[in-house]
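All remarks here apply to the structure that follows.
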Amino acid sequence: MSSQGNPGPAQAGTQGRVHREIDPAQAAVEAKLVENVVASFAGCSDPRLKELMVALVEHLHAFIREVRLTEQEWRAAIDFLTRAGHITDDVRQEFILLSDTLGASMQTINVNNAAYKDATEATVFGPFFVEDSPRVELGGDVAFGAPGEPCWVEGTVTDTEGNPLAGARIEVWEADETGLYDVQYDGAKRSARGHLFSAEDGGYRFWALTPTPYPIPDDGPVGQMLAAVGRSPLRASHLHFMVGHENGRTLVTHIFPEGDPIGWNDSVFGVKESLIKKFERQPAGTPTPDGRVIDGTWSTVRFDIVLAPPGI
């Protein structure tokens, strides 16, 4: 167990639920409506779309019936979603935040990234990835002037048989020490993000920033929801990776510093035991791996990446 205190798997149950007796005649009326809505998809020619719509209707109606949802509550939900749409733009995606904070993003990732041998585990993508990150050479600095403590990151990219994967594209991005991503400052500026390619032996190395905790954007409806239910908007400290290679399944993941103060209380449920890494702080004056001169402390971390086979 890590120093972040993993509470263990969540236990399914009915804690907090209220049992309500429903008149059989009323229950029959409600059940008939579900049948009618499900039957309305009978003519759907796309089997997968039909499966999705039927399951959605059945689960949605089951929720409405279980909690005895009021019309006022339903209108409040519609208003919440409307406000989430209004605040969403090219930089901010409130619906991704909503999906993340309800654990839906993480569960979808679990479903679609089946465990395979010792392949590195995936976690949430997050709302701040951009396509046009600058390229850096091996040993380069992706901080591009963003404030924060320098961090030397190194490791290898291999397949599950231990074979090095040369030329793997490694995208990295993170928040600076103030808790903001570059796109939250200026849509045209690029800092604390970049991409590089693994060497012939699968190795990679670069300078980044030592990750620090930060809140997800909480000035919108998702932030209001978290406040209403007594949850923190803080994310555990992390560094994002997206790694792709023709001989491996594309991996989207983070690494998290051991002993992080947020840890398992991560607001988007992204922490996994295998992704907690030891970021070792180096005293001021400690020689760096590449001879860079740093005025102050810096840290180092190793992250060996193992890609599952394509199609797994």
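The values are calculated or read from the model by the stated rules, or taken from the named source; none is laboratory data. None of these values were measured; they are calculated from a predicted model. Heads up, the Cβs are rebuilt from the backbone with ideal geometry, glycines too, and the neighbour counts pull from every protein chain shown. Ligands, DNA and RNA are stripped out before the accessible areas are found, and what is left, the full protein with its side chains, is counted by its heavy atoms. Shrake-Rupley method; radii C 1.70, N 1.55, O 1.52, S 1.80 Å.
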Notebook entry, point to check: Which condition breaks for Pro261 when tested against (1) assigned to a loop (DSSP other than H, G, I, E, B); (2) within 19 Å of the chain's Cα centre (by Cα); (3) modelled with pLDDT of 95 or more?
Noted result: (3)
Note to self: Criterion first (in contact (Cβ under 8 Å) with a residue 60 or more places away in the chain and buried (at least 20 other Cβ atoms within 10 Å of the Cβ)) does Glu121 satisfy it?
What the structure shows: no
Check: When you look at Ala146, is it within 16 Å of Pro211 (Cβ to Cβ) and in contact with a Phe, Trp or Tyr (Cβ under 7 Å, 6 or more places away or on another chain), yes or no?
Finding: no
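Can you pull out the residues in the stretch 27-48 that are assigned to a helix (DSSP H, G or I), in contact with a helix residue (DSSP H, G or I) (Cβ under 9 Å, 6 or more places away or on another chain) and not aliphatic (A, V, I, L, M)?
Within the stretch 27-48, the subset assigned to a helix (DSSP H, G or I) is 27-39, 47-48.
Pick out the ones that are also in contact with a helix residue (DSSP H, G or I) (Cβ under 9 Å, 6 or more places away or on another chain) and you get 27, 30-31, 33-34, 37-38.
Across the stretch 27-48, the qualifying residue is only Glu30.
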Margin query: Criterion first (free of Cβ contacts under 8 Å to residues at least 24 places away in the same chain and outside any strand (DSSP E or B)) does Val293 satisfy it?
Written below: yes
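Pick out the one residue from Gly167, Gly155 that is modelled with pLDDT of 95 or more, open to solvent by less than 20 Å² (accessible area, probe 1.4 Å) and closer than 15 Å to Gly202 by Cβ. Write out each step before concluding.
Working: Gly167 fails: open to solvent by less than 20 Å² (accessible area, probe 1.4 Å).
Only one candidate passes the filter, namely Gly155.
Here's the yes/no breakdown for (1) hydroxyl-bearing (Ser, Thr, Tyr); (2) under 20 Å from Pro233 (Cβ atoms):
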site: Asn36; (1), (2): no, no
site: Gly43; (1), (2): no, no
site: Leu52; (1), (2): no, no
site: Thr70; (1), (2): yes, no
site: Glu94; (1), (2): no, yes
site: Gly103; (1), (2): no, yes
site: Thr108; (1), (2): yes, no
Note to self: Under 8 Å between Cβ atoms, which residue pairs at least 6 apart in sequence (or on different chains) link something in the stretch 104-117 that is surrounded by 13 or more Cβ atoms within 10 Å (Cβ to Cβ) with a partner that is acidic (Asp, Glu)?
What the structure shows: Met106/Asp100; Asn113/Glu121
Next item on the list: Of the conditions (1) surrounded by fewer than 23 Cβ atoms within 10 Å (Cβ to Cβ); (2) under 19 Å from Val172 (Cα atoms); (3) under 14 Å from the mean Cα position of the chain (by Cα), Glu246 clears all except one; give me its number.
Entry: (3)
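Count, please, the residues in the stretch 270-309 that happen to be under 29 Å from the mean Cα position of the chain (by Cα) and among the small types (Gly, Ala, Ser). So that I can check it myself, show each step before the final result.
Restricting attention to the stretch 270-309, the residues satisfying the condition of being under 29 Å from the mean Cα position of the chain (by Cα) are 270-282, 297-309.
Still in the list and also among the small types (Gly, Ala, Ser): 270, 274, 299, 308.
So the count comes out to 4.
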